[in-house]
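Here the structure comes first, spelled out in structure tokens, and everything after it is commentary.
The values are calculated or read from the model by the stated rules, or taken from the named source; none is laboratory data. Treat the numbers as computed from the prediction; the structure is a model and nothing was measured. Cβ sites come from the backbone with ideal geometry, for glycine too, and all protein chains shown count toward neighbours. Ligands, DNA and RNA are stripped out before the accessible areas are found, and what is left, the full protein with its side chains, is counted by its heavy atoms. Shrake-Rupley method; radii C 1.70, N 1.55, O 1.52, S 1.80 Å.
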Amino acid sequence: MTHPTHRTYQRSVERLVFWLFRLATYLVLAAATYIFLDIGIKGGRTVFTSTPPFINVPFLTEPPQTLYVFDFEGKKMTLGDREFRQWKTAHPGVEVEATSIAYSAGGIWPCIVGTALLVIGSMVLALGIGISSAIYLSEYSRNGPLIRLVRIAILNLAGVPSIVFGLFGFGLFVIFFGWNVSLIAGWFTLGLMVLPAIITASEESLRAVPQGLREGSLALGASKWQTIRKNVLPYALPGILTSSILGIARVAGETAPIMFTAAYAMKDEMPWQVAKFTDFFFQGVMALPYHIYVVSSKIPQNEYTERVQYGGAFVFLFLVMLIALTSIVLRERSRSRLSW
Amino acid sequence: MEGLADSRILIPARTKSRRTQAAIEQGIKAFFGGNALVAVIVLALITIFLFREGFGFFGQNLANLRLYRQAGLEYVDIIRATAAQHEALSRKLSEIRLRQVRVMEKRNAPLDEINAALASFDQFASAFSDTAENLHGLVSDLTEQASGLKERLFARAELLAQRSQLEQNGEHDAAAKIVLPEIDRKSAFDSLHQGAATFESVSAEMTAKLYNLLATAPPLPDPGGQKAFEQWKTQTREYLAGLPAASEKLRSWSPDTAIPWYRSISSFLFGREWVTASFWQDWYGIVPLLVGSVMVSLVALLIAVPLGVASAIYVSEVASRHEKRLIKPYIEFISAIPSVVLGFFGIAVVGQAVRAASQSSFFKWVSFFPISERLNIFTAGCLLALMAVPTIFTLAEDALRNVPRGFKEASYAMGANRLQTIARVIVPASLSGIVSAILLGLGRVIGETMVVLLCAGNRIAIPDFTQGLGTIFQPVHTMTGIIAQEMGEVVRGSTHYRALFMVGLVLFTITLGINYLAQKFVARFRMSIG
Amino acid sequence: MVTVLEMPEITSPITVNQPATAPIPEVERGIIEIESVDFAYGTNKVLHDISLNIPPRSVTAFIGPSGCGKTTLLRCLNRMNDLIDGAGITRGSIKIEGLDINAPHLDVVDLRRRVGMVFQKSNPFPKSIYDNVAYGLRIAGITKRTLIDEAVEKSLRSAALWDEVKDRLHVSGYGLSGGQQQRLCIARALAVEPEIVLMDEPCSALDPIATAKVEELIRQLKEQYTIVIVTHNMQQAGRCSDVTAFFYLGRLIEFDRTTKIFSNPAQRQTEEYITGRFG
Ligand SMILES: Nc1ncnc2c1ncn2[C@@H]1O[C@H](COP(=O)(O)OP(=O)(O)OP(=O)(O)O)[C@@H](O)[C@H]1O
Ligand SMILES: [Mg+2]
């Protein structure tokens, strides 16, 4: 038998180590919480207002503008591009020395639109290819060298850095296909980037459908495709979509792949202001993550820029986290409910 | 049951459409199969396009290196190196002075007194830097000559390329119209070579002056400073002893010595300099970027591995069910934070905080504090750690959870407590799973772009490792960062453009290797838990 | 400690209610002709040289200890084993109505429509009862509502389930009891009017009353259908089958009229198994 004091010693060591583990865990949670709070509070000042409608509508619905800062009659004036020009016409003959700071006035509307377009297109693409591949892998494929190759490719593709996807998209779509910096190049780049995740998630959901349903259907004289369409996909689809939502968060959150395939730092027209229909696909767009990169690295950090920097980060973080939260909540729910 | 037989007509036998039906089925299958192949195709295309765009790099870089030699830039750089060494010695002198000042300040000596005490030293220092005046003059003369020659050679090469292009297109007349300017390389080199003679006289003069100067070196009041000063003196003597070697090199140097083809590869893989868009000479050495990426990833992992593994163990073995249900989704939630937001947070908050902390009196005892750059390896590493923790946590927790219950029960049955069971049974059983989690975390960190682009400081230089732990507070640039930063601005098809693709290729290879290792460990883990 | 597994004693005597005029398998030309079939799961050979002719419009019972390959053989008859990677017939042939079902150009879908199956583990679809039964018809391209309604009712009646579910045809099939689910699967198989029905232990989850209903059903069905049934219940085999095949360790030991097998088996192994003195 061990000595009693030795046992108490062991017990206190155990307690201490567990406390360290607990500390480590909560440190991570606290760090993340701090980020959420910092961006939430400082960005909230931009996005929310104290008067109705409580939301800073212009920030969400206007394009970015250059900010002009100058002293006039002892007052510090900060005006956006348009207002500054109006002010100038209202004060003819007044010479002011204004500092201009790019992007720091106005809002982020075109960025939101661009990101939405990028996400929708690339997810349609990724879901189309991803679900089809998963159907093949789970329903049709027999274990063979080719299928092994496909699986290896999927595994490895999942680990390829996003910037390499950016380079690839640049080399293939932008240059080789001559699509230039465009929505469609961004769609393909982002779509292919999330493809491995979508395939894996879809295959998992398909495999969760019990084999009995397939056999039962086939035994009734249904063809393979009829079986899949009527008796497998409908039950796998909720799972596929749920886990694909996380893919949306990833697509929306990535900057590196779109930096030189789809995103412009500044563009005056909205995406739908195109001369002809096909131009829509071949235009670059502004995107929220790229905008945040630009405003946090290309313009100085000061009291005038904090507004757009934190505001943009807040909106972006809010949107992405909302998507992620939806996915996590849906999955936790379906996990507890799903039973065959 | 009557009537059953009659109703057999209910479903008509499949007859004529059988063929088309089968064809449709086959078509659908082929469609899905084709989609499944997309993954393979994409992986192949990534490889192909990285190679396609990157491979021309070696040829172009070789031409670049050859021009460097032919135009005599290399020759000038030999002399420039001696001038740079002299400058470095000068800088060391001012460092010694700074230390002296600090020591005396600690003794609360007034500023006048300090200056007075160091007056003779200052005189010495300025005399020292004056000795290189002629050397610097020589360097700038030769620089002008060589870059002029380089420009002419370059223009000629361009014209040559244009002409051969025209001839290939069959436009011989137009090709014939292009006149290649005659470049009298011989005389150009003769005038360069005169530099060697000048260098010899300049260095002889400098050597004589310096030996005199060294003999009259003033003593320093502080023994520590004196010791550093003595060290400096030996370095200076070594420097002077090395000058004849430089002359020798100059004399034997010839612009026509061939540069072997592999130099273009080795100068990329082992080159310690990444200099682009320079008026003098571009260098594409990946080492500073690679070191930067590795340093940032190491710091990130040093933080993330203990946190990630500890929290995985905590959640899977210690935490209550309530905590588990909260912590697991929350950490997963963290993984969805967009990297650009983290990068912005790093610029806006963390960098500032790190610098402020380094300036606080609490850390006065740390030798390399206060730091000058708020964006550095450590800042980027901290933020990357937050990205790696969810990956490590999720996969490690998975591995821990999959350890068969029997292992644990056997351990408890022998009277082990929970900690012993964790340390002796659960962690060893899931070790390869945890290692693969860490590797995948590394893969994620080394391939991450936005955080390092925004927070690593973007200084293209190998950090100064002599600073010990202080190294991690220096700014670096990374492979991912350089691609993101420079890709948008380069000329398509230029050497620089191709060099960036080569960096991408290296990055791609590294991540594939890490992924491969991780899969190996996963396979081993599956085997070990049966 | 070694546990000896013993077959439970069969308490009641086996009643065989077949007329002595049942067809003799060796003589009749069967609707299903199995000829020296070997079957393997990958490298694991589980059926060895099986040959038997299953007579039309009769009930054939497969009996034998667990793991002897009854299900495997049954699934060969509608090529359900195609779904299992690496599994397949390595030798021999199976013909249905003279057609080799493993011929390369055979339409498997058509085969499976003609050879229906009820599985060992009931597997209703997560659809309403009505949709479960109508599934096969819809798959076959029948869209006329009245036809489907009629067929659904008829099949559910045949499977002795109609009275229990007629008021809740549109609730999920998952809401039924285990026995009801199995009968739903039988109804589903009957709805497409196959010529042959394969039943893999259809009564293993049923109570005695439901079992009796299903057995009654089987006896009626054989007027139009050929039925092959796998069962572990000797009384059941005796009560409702015309011919019986006894398998042991992947081999066909004896195949004869049920009356013969149960009263005067030719092989000692068969006798021991039937009387429960097996092992
Ligand atoms: N999918 C499969 N893959 C590999 N081996 C299998 C598979 N299914 C069955 N087997 C093996 O084939 C043999 C025959 O199995 P089968 O299911 O035909 O037995 P059975 O007679 O139906 O038994 P039971 O009465 O228990 O249902 C067994 O040894 C089994 O282990
Ligand atoms: Mg069976």
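Brief remarks on what is shown
- Restricted to helices (runs of 4 or more DSSP H) entirely inside segment B:445-530, those with at least 1 residues that are among the basic types (Lys, Arg) are B:495-528.
- Filter result for C:Ala189 (within 23 Å of C:Leu73 (Cα to Cα), of a type in the set (A, V, I, L, M) and within 16 Å of ligand 1 (Cβ to nearest atom)): no
- Among residues of segment A:254-287, those that are within 13 Å of chain B (Cβ to nearest Cβ) and closer than 16 Å to A:Ala102 by Cα, counted: 2
- Of all residues in segment A:174-202, those that are open to solvent by 10 Å² or more (accessible area, probe 1.4 Å) have Cβ atoms under 8 Å from Cβ atoms of residues that are acidic (Asp, Glu), 6 or more apart or on another chain, in A:Ile175/B:Glu53.
- For segment C:118-131, filtered to residues that are open to solvent by less than 10 Å² (accessible area, probe 1.4 Å) and within 8 Å of another protein chain (Cβ to nearest Cβ), the residue that is nearest to ligand 1 (Cβ to nearest atom) is C:Pro124.
- The set of residues in segment A:3-46 being within 30 Å of A:Thr305 (Cβ to Cβ), of a type outside the set (A, V, I, L, M) and open to solvent by less than 80 Å² (accessible area, probe 1.4 Å) consists of A:Thr33, A:Phe36, A:Asp38, A:Gly40, A:Lys42, A:Gly43, A:Gly44, A:Thr46.
- Qualifying positions in segment A:289-335 - surrounded by fewer than 23 Cβ atoms within 10 Å (Cβ to Cβ), over 30 Å from A:Gly239 (Cα atoms) and at the interface with another protein chain (Cβ under 7 Å from one of its Cβ atoms): A:Ser297, A:Gln301
- Annotation note: of B:Arg263, B:Arg325, the sole residue that is in contact with a Leu (Cβ under 7 Å, 6 or more places away or on another chain) and of a type in the set (D, E, K, R) is B:Arg263.
- Residue that is least open to solvent (accessible area, probe 1.4 Å), among those in segment C:77-96 that are farther than 22 Å from C:Phe246 by Cα and within 16 Å of ligand 2 (Cβ to nearest atom): C:Ala87
- Single residue of B:Glu317, B:Glu323, B:Glu332 found to be in a helix (DSSP H, G or I), at the interface with another protein chain (Cβ under 9 Å from one of its Cβ atoms) and without any contact (Cβ under 8 Å) to a residue 60 or more places away in the chain: B:Glu323
- Count of segment C:194-219 residues which are more than 16 Å from ligand 2 (Cβ to nearest atom), touching a residue at least 40 places away in the same chain (Cβ under 8 Å) and either closer than 11 Å to C:Met117 by Cα or open to solvent by 10 Å² or more (accessible area, probe 1.4 Å) (or both): 7
- Selected residue [away from ligand 1 (no atom under 16 Å from the Cβ), open to solvent by less than 20 Å² (accessible area, probe 1.4 Å) and aliphatic (A, V, I, L, M)] from C:Leu111, C:Leu99, C:Leu74, C:Leu106: C:Leu111
- If the condition is being of a type in the set (A, V, I, L, M) and farther than 19 Å from B:Pro463 by Cβ, then segment B:351-392 contributes B:Ala353, B:Ala356, B:Ala357, B:Leu386, B:Met387, B:Ala388, B:Val389, B:Ile392.
- When residues in segment C:53-67 are screened for being buried (at least 22 other Cβ atoms within 10 Å of the Cβ) and within 13 Å of ligand 2 (Cβ to nearest atom), 3 of them pass.
- Residue in segment A:212-223 that is open to solvent by less than 10 Å² (accessible area, probe 1.4 Å), within 30 Å of B:Ala23 (Cα to Cα), touching a residue at least 24 places away in the same chain (Cβ under 8 Å) and not small (Gly, Ala, Ser) present: no
- Residue in segment C:218-231 that is over 20 Å from C:Arg183 (Cβ atoms) and within 13 Å of ligand 1 (Cβ to nearest atom) present: no
- Answer residue from segment B:232-275, given it is under 30 Å from B:Phe121 (Cβ atoms) and of a type in the set (D, E, K, R) and is surrounded by the fewest Cβ atoms within 10 Å (Cβ to Cβ) among those: B:Glu238
- Conditions (1) more than 16 Å from ligand 2 (Cβ to nearest atom); (2) in a helix (DSSP H, G or I); number of the one not met by C:Leu74: (1)
- All of A:Arg11, A:Arg22, A:Arg45, A:Arg15 fail the test of being out of contact with any strand residue (DSSP E or B) (no Cβ under 6 Å at 6 or more places or on another chain) and more than 10 Å from chain B (Cβ to nearest Cβ), apart from A:Arg45.
- Just one residue in the set C:Gly173, C:Gly250 is open to solvent by less than 60 Å² (accessible area, probe 1.4 Å) and within 16 Å of ligand 2 (Cβ to nearest atom); that residue is C:Gly250.
- Of all residues in segment C:54-71, those satisfying the criterion of being within 14 Å of ligand 1 (Cβ to nearest atom) and in contact (Cβ under 8 Å) with a residue 40 or more places away in the chain are C:Ala61, C:Phe62, C:Ile63, C:Gly64, C:Pro65, C:Ser66, C:Cys68, C:Gly69, C:Lys70, C:Thr71.
- Residues considered: B:Gly433, B:Gly447. Of these, the only one that is open to solvent by less than 60 Å² (accessible area, probe 1.4 Å), away from every other protein chain (no Cβ under 11 Å) and in contact with a helix residue (DSSP H, G or I) (Cβ under 6 Å, 6 or more places away or on another chain) is B:Gly433.
- Of B:Ala499, B:Ala518, all but one fail to be more than 9 Å from chain A (Cβ to nearest Cβ), among the small types (Gly, Ala, Ser) and surrounded by 14 or more Cβ atoms within 10 Å (Cβ to Cβ); the exception is B:Ala499.
- Of the set (1) charged (D, E, K, R); (2) at pLDDT below 85; (3) open to solvent by less than 50 Å² (accessible area, probe 1.4 Å), all apply to A:Asp268 but (3).
- Among the residues making up segment A:77-103, a single one is more than 32 Å from the chain's Cα centre (by Cα), part of a strand (DSSP E or B) and not polar (S, T, N, Q): A:Met77.
- Selection of segment B:19-46 for residues being more than 7 Å from chain A (Cβ to nearest Cβ) and open to solvent by less than 50 Å² (accessible area, probe 1.4 Å) yields B:Gly27, B:Gly34, B:Ala44.
- Only residues that are modelled with pLDDT of 80 or more and surrounded by 14 or more Cβ atoms within 10 Å (Cβ to Cβ) were counted in segment B:160-177, giving 3.
- Count - residues of segment B:114-156 that are modelled with pLDDT under 80, among the hydrophobic types (A, V, I, L, M, F, W, C) and surrounded by fewer than 16 Cβ atoms within 10 Å (Cβ to Cβ): 1
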